[in-house]
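Notes follow once the structure below has been shown.
Bear in mind these aren't lab numbers, they're just calculated from the coordinates by the rules spelled out. Predicted model, so just to flag it, every value in this text is computed and none were measured. Neighbour counts are summed over all protein chains in view; Cβ atoms, including those assigned to glycine, are modelled from backbone coordinates with ideal geometry.
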Amino acid sequence: MFKTFIAGILLGIAGAAAALYYIPVVDQAREQSMIVVHPNHGNTETFHVNVPSDRIMVGAADQAEPLPAELEWPGDLQFAATRAELFKIRNGKDAVVGVASRIAASDEVSGEIIEWVLHLPARGSAYVIMEPQPQEGGYRVGDLARGTREFSNLTGRVTERFVEAPTSFDENGSQGRIEIITAFVGQAVDDL
Amino acid sequence: MRYLVALLLGLAVGVAAFLALLYFNPMTTRNHLSPLSVSDNQVITFNYSAVATDAIVYTNDGESQVIPHPAKVLQLWEPTVRRSDALATVLRDGRNAPAAIGIKFSSDSERTNVLNGEAIVDSVWHVYAPGQGTLFVEQRENYWDFLRDIMIPARWSSGDNWRGNWNGSITSGPGALGTSRVFGGSGIFAGIETDAVESLSAKAYSVEFGPVAMDAELAIEIPRRDASLSQDP
């Protein structure tokens, strides 16, 4: 019986080690990437934010109705020209795939800045610097400045635009959507 | 029957012994000294309270230990973001004056490996410092020491809390020296690529509410520009 007990101990140690080795402690849920390949034009992926339902935070000075309610934006004058927003972002199938921050600000050193960070937990993050002035047609373009994990070896452009909801047909109080289109390709690698 | 009981008892003892070995394994204790402490370059520090109620906004899946703040903030309950949290906070400089707005996204990492003492969280910071510029920080954090020294003792405590003084770096990569990667987006930071280290200073922790008294520091090394271009007279 003592030998059985010892065998049980060894089996327990081996079982626990095997379980911790083979069973993932973290397994992030994934949605299928909705990448569209264009003929001779690279590939794009479209994300969107439903407004206002996907807004987590709108941080700005002197807001009549802060979002979320009871938000206390810092009163320092240096943050008066800063607008920081947090969103959930969705893929082409309208499924939430991540979160994003958008900072719009202006000061004498940086000038006018508009930046995004898109954070997709299962894939990585993309840091995007937009051109402050919108293009004709109401959209704004920017560059992927840095990426992590899946986005780390990519380069490319991003566009953002606000698409208003057709108010007469809208039932959910939606004002529209912020559309973010990424066009990323792998960075060129020098031949060895 | 007796053999089956002996086997089950042995299994239980074996699993407990293995978990105890993991918990007390000195090989997984990390060096708390920041690699930036020996840097010749200027290091700027951003400090913030790591208590959720001190943030502008903190949100998670709404079912975790730390309660989202403010109470009516949208929660991250969808499957793809359930193991993530978002924080927006005021970052303070070394004189405790507000210096920046910092937004941090953190997600449990699939690189977590309990056998190696790695409780990994992938995180990014999006920082805007008025009059200075913007920064993007890519970070891999290891909470193993925090888990072992604070969270588990808090659960063992009869009062379900922990009090003491704990200081430690949580940054474990992706830089070669266990530092995070920083990229400057605009202003005086535009184009810089450097390192950073985030550390925690905990004084009280509650099993029910999470951190009760805990400060954090994000230290960023600022490389000297053009130092290598100047010629000796």
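Its alpha carbons considered, the range B:84-202 gives a radius of gyration followed by a Dmax of 16.0, 51 Å.
Put simply, the amide H of residue B:222, placed in the peptide plane, has neighbours under 5 Å in B:42, B:43, B:44, leaving out anything fewer than 5 places away on its chain. Residue by residue along B:104-115, Cβ atoms of other protein chains within 10 Å of the local Cβ number 5 on average.
Calculated translational diffusion coefficient of the protein assembly as shown (10 °C, 1.306 mPa s; Stokes-Einstein with Kirkwood radius over alpha-carbon pairs) equals 67 µm²/s. Summarise the long-distance tail of P(r) for the range B:143-233 by giving the % of C-alpha pairs beyond 14 Å. Roughly 71 percent, once rounded to a whole number. Look at the dipole of the range A:1-134 built from charges on Cβ: of A:73, A:44, A:101, the Cα furthest out on the positive end belongs to A:44.
Who wins for biggest fluctuation among B:107, B:180, B:158 in a Gaussian network model of chain B, springs between alpha carbons below 10 Å? Ranking B:107, B:180, B:158 by mean-square fluctuation puts B:158 first. Computed over the range A:3-77, the P(r) curve from all C-alpha pair distances, binned at 10 Å from the origin, holds 13, 17, 15, 18, 17, 13, 7, 1 percent per bin.
Per-residue Cβ counts within 10 Å, from other chains only, averaged over B:81-93: what number is that?
Mean partner-chain Cβ count within 10 Å for B:81-93: 4.
Given R0 = 25 Å, the distance between the Cβ atoms of residue A:34 and residue A:63 translates into a calculated FRET efficiency of 0.15. Under a straight-distance cross-link criterion of Cα-Cα below 18 Å, which aspartates and glutamates are reachable from residue B:72, leaving out those fewer than 8 residues away in the same chain? Leaving aside aspartates and glutamates fewer than 8 places away in the same chain, those within reach of residue B:72 are A:54, A:65, A:70, A:72, A:85, B:54, B:61, B:63, B:85.
Annotation: Cα Rg of chain A relative to the compact-globule expectation 2.2 N^0.38 Å equals 1.42. Build a GNM of chain A with springs between Cα atoms under 10 Å apart, and of A:40, A:153, A:50 the one that fluctuates most is A:40.
Here's how it looks for residue A:56: its modeled amide H is under 5 Å from those of A:86, A:87, A:88, which are all 5 or more places away or on a different chain. Counting only other chain Cβ atoms within 10 Å of each residue's Cβ, the peptide A:45-56 averages 1. Measuring nothing but alpha carbons in the range B:1-74 and taking Rh as the Kirkwood radius, the Rg to Rh ratio lands at 1.27. As a ratio to 2.2 N^0.38 Å, the alpha-carbon radius of gyration computed for chain B takes the value 1.18.
Residue A:105 sits among other residues whose Cβ lies under 12 Å from its own Cβ, and their net charge, with Lys and Arg +1 and Asp and Glu -1, is -3.
For A:88, B:72, the sequence from fewest to most other C-beta atoms within 10 Å is B:72, A:88. Read phi for every residue in the range A:68-79 and hand back ³J(HN,Hα) as whole Hz from Karplus 6.51 cos²θ - 1.76 cosθ + 1.60, θ = phi - 60°, with x for Gly and Pro. Listing the rounded values in order: x, 4, 6, 5, 10, 7, x, x, 4, 4, 5, 9 Hz. Each label was represented as a point 7 Å from its Cα along the Cα-to-Cβ direction; for residue B:97 and residue A:25 these points are 4.2 nm apart.
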